[in-house]
Amino acid sequence: MPPKATATAPWQELETQAYHAYREWHLWLALRERELGDRLAAGRPDKRTPDAATAAERPERKTPPKGDLT
């Protein structure tokens, strides 16, 4: 026999959501830590691919002075 459907107060729904958020907190934290680790590893020069040089690491282009077309 299914339980009777009772009207729930707004605080009961909020309490249920808080309970589930508390139960899932460690999972969210682990996923967030992995995401941040990936972002930090992508920013380190030893972890990047060779073609992913930043603007500061790229060699300057030498342009001829104005008027010199050679």
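The values are calculated or read from the model by the stated rules, or taken from the named source; none is laboratory data. Keep in mind that this is a model prediction, so the values were computed, not measured. Quick reminder, even Gly has a Cβ in these numbers, built from the backbone with ideal geometry, and neighbours come from all protein chains shown.
Within the range 21-38, does at least one residue satisfy the condition of being outside any helix (DSSP H, G or I), exposed (fewer than 10 other Cβ atoms within 10 Å of the Cβ) and either touching a helix residue (DSSP H, G or I) at 6+ places or on another chain (Cβ under 8 Å) or modelled with pLDDT of 65 or more (or both)? Working first, answer last.
Applying the first criterion (outside any helix (DSSP H, G or I)) to the range 21-38 yields none.
Among the residues of the range 21-38, not one is outside any helix (DSSP H, G or I), exposed (fewer than 10 other Cβ atoms within 10 Å of the Cβ) and either touching a helix residue (DSSP H, G or I) at 6+ places or on another chain (Cβ under 8 Å) or modelled with pLDDT of 65 or more (or both), which makes the answer no.
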Some residue of the range 3-14 being assigned to a loop (DSSP other than H, G, I, E, B), at pLDDT below 65 and of a type outside the set (A, V, I, L, M, F, W, C): yes
